[in-house]
Amino acid sequence: MNNKYQYIIVLTMAMILISIPVAAESVDLVINGQQVNQDLMVIDGRTLVPAEILSTYFGETVIWDRYKDELRINRNKFKVRLPLNERVAIVNTEVIPLSIKAKLVNDKAMIPLRLLPKIYGGKLAWQASDKTIYYSSNQIEDIDINESKNKFQVIIKTDSLPDSELQLYHQPQRLVLDLKNINIGDAKDIIPLNKNIVKKIRVSQYQVNPASVRIVADINQMSSYYLKKEDSKLILEVKSKNRIVTSSITSDYNLKRPDSNSNLNQKRIVIDPGHGGQDPGAIGISGVEESKVVYQIAKKVNKLLKQENFKTLMTRGQNEFISLSGRAEMANRWPADLFISIHANSNNLSTIGGTATYAHWSASKKNWALAWYVQSEIMKRIQIEDNGLKAANFAVLRETEMPALLIETAFLSNLHEEYLLNTHDFQQQVAEGIVAGIKEYFNNENN
Ligand SMILES: [Zn+2]
C-alpha cells in the first residue's frame, strides 16, 4: 500500500463529498498531496478552479482557443474540449454535463473542480475541520506482462487500487476487466503477445463520466483465470490448458496414475469449494458469503479425509477463482475417484431451508449410491430439513468423469441456517457427514 492510498482511506472515513457551503477565500485545495496556491471561486455552492492547474498538476498542455472560446487538452488518446459559458465538457466524443459553466474571470479561465475526477478518476473529498478540499486522482502507472508456458499475468500498477469488474465473454473468448474511477495515463493501447495463452491485450479509456478504463485480454486457450489484488497492483492471471496445477492448492497432486502397490488402495478425492475469487456465490441475509463458508467446510473435509488416509486435492485456494470446467478438468486429469462439490443455497423465500445432494441426471447407480450415503450421513448430524437427493445438469457434475456430487449444505437466505453455516460446529458436522458417507460408499463398493 503506498502512502497516497493510505492517505485517501484515512481521509474518506472522516469526510463527506464536497458541496461547499463556505466562502471561497476560506477554502483550500490539495491535489495529490500538494497544496494549491491559487484562488478558488465558489458560485452557487460549486467550486471553480483556474484551468492552469491542469498543466501544473497534471502536466497537460492547455490550449486556449480564443476564436471558438474554448479550452482544449490534447493528449495521445485523450482529448478534452471545454467551451466557455456552456454547461458541458466534451471528452473524446463523450459529452459530459456540468453543473456549472467554465468561465473567464479577470481573463483567467476557470473550470469546475468536479470535472477533474471525471477526467482523471480518483476522489474528491471535503474535510470540514481544516476547510480543505482534497483531490486525489487515480491513473494507471504501468501495465506489465508476465508470460510463461503455463501461466500468463497482466500486472496493472495504479496510484491506488481501483474498484474493478471482471467478466468472461465468448465468441471470441475474451476476459474484460473494467477499472472504475481511473485514468488510462500513458498506458499503451495494444500489447501484442506471443499468443500461447493470450493473443492480445487492449487497453482503452472506456468511459469518462465516471472515468473507467477497460482492459480486454483476447484468449487463445485457458483452463482458468483469477484476479488478485496486491497493494495498488491488480494482477489478472490466466492459466494454460496444458498446465500442471501449481502446488499451492494441490499438495498431493501428481500426474501418475495409481499404479504402484503402496497406493493401490488409496482413493483420490477432489474437494471442490464452490465459487471463490471474484465470485462470492450466494450472499446471506446478514452478509455471509457462500464462497467463504463452503471453503471452510471443504477445508474440514480435506483434513478429515487425510486423517482417514485418502489422497485429496482442493480445486481452489481461499481467494481463488477457477472456472467450472477447470475444476472438472483438474479431477479428470489427476484422475480422481470421487468429486465432491460443496455449496450453500439461496432462495427468494427466507423460510426455505434444508440440505440436498445433487448428482447428474445421467449419473451411474454407483454415483447415486454415493449421493445416498453422503446425504444420510449429513442428515444424521444436523437438525435442518432433509431435502433429499436431486438430479441436475450442473457443469461440474456433467464434465467430471468419475462419481460426482454437489452438496447444497444449507440456505444462506434463511437467517437461522446462515447463522449455522458460519459456525464451526455446523461446518464440522457437515464435514464429518460427508466423510462418513464417502467411507461407507467405499466399504460397500466391493461387496
Ligand atoms: Zn453455489
Of the residues in region 43-84, those that are in contact (Cβ under 8 Å) with a residue 24 or more places away in the chain, under 18 Å from PRO97 (Cβ atoms) and either in contact with a helix residue (DSSP H, G or I) (Cβ under 8 Å, 6 or more places away or on another chain) or crowded, with 17+ Cβ neighbours inside 10 Å (or both) come to ARG46, THR47, LEU48, LEU71, VAL80, LEU82, LEU84
Just one of (1) at pLDDT 60 or above; (2) surrounded by fewer than 20 Cβ atoms within 10 Å (Cβ to Cβ); (3) away from the ligand (no atom under 16 Å from the Cβ) trips up VAL270, so point out which.
(2)
Number of the condition not met by LEU236 [criteria: (1) at pLDDT 80 or above; (2) assigned to a loop (DSSP other than H, G, I, E, B)]
(2)
Where in region 122-208 are there strands (runs of 3 or more DSSP E), lying fully within it, with 1 or more residues that are polar (S, T, N, Q) and in contact with a helix residue (DSSP H, G or I) (Cβ under 8 Å, 6 or more places away or on another chain)?
123-127, 132-136
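Yes or no, residue by residue, for (1) free of Cβ contacts under 8 Å to residues at least 60 places away in the same chain; (2) out of contact with any Leu (no Cβ under 6 Å at 6 or more places or on another chain):
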residue	(1), (2)
ASN345	no, yes
SER362	yes, yes
MET379	yes, yes
GLU385	yes, yes
VAL396	no, no
THR400	no, yes
PRO403	no, no
Condition (residue is in the same structural domain as ASP28 (by TED's automatic domain parsing) and polar (S, T, N, Q)) applied to region 192-205: is it met by at least one residue?
no
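The values are calculated or read from the model by the stated rules, or taken from the named source; none is laboratory data. In this text the structure is predicted, and so the values were computed from the model without any measurement. Cβ coordinates were reconstructed from backbone atoms using ideal geometry, including for glycine residues, and neighbour counts include every protein chain displayed.
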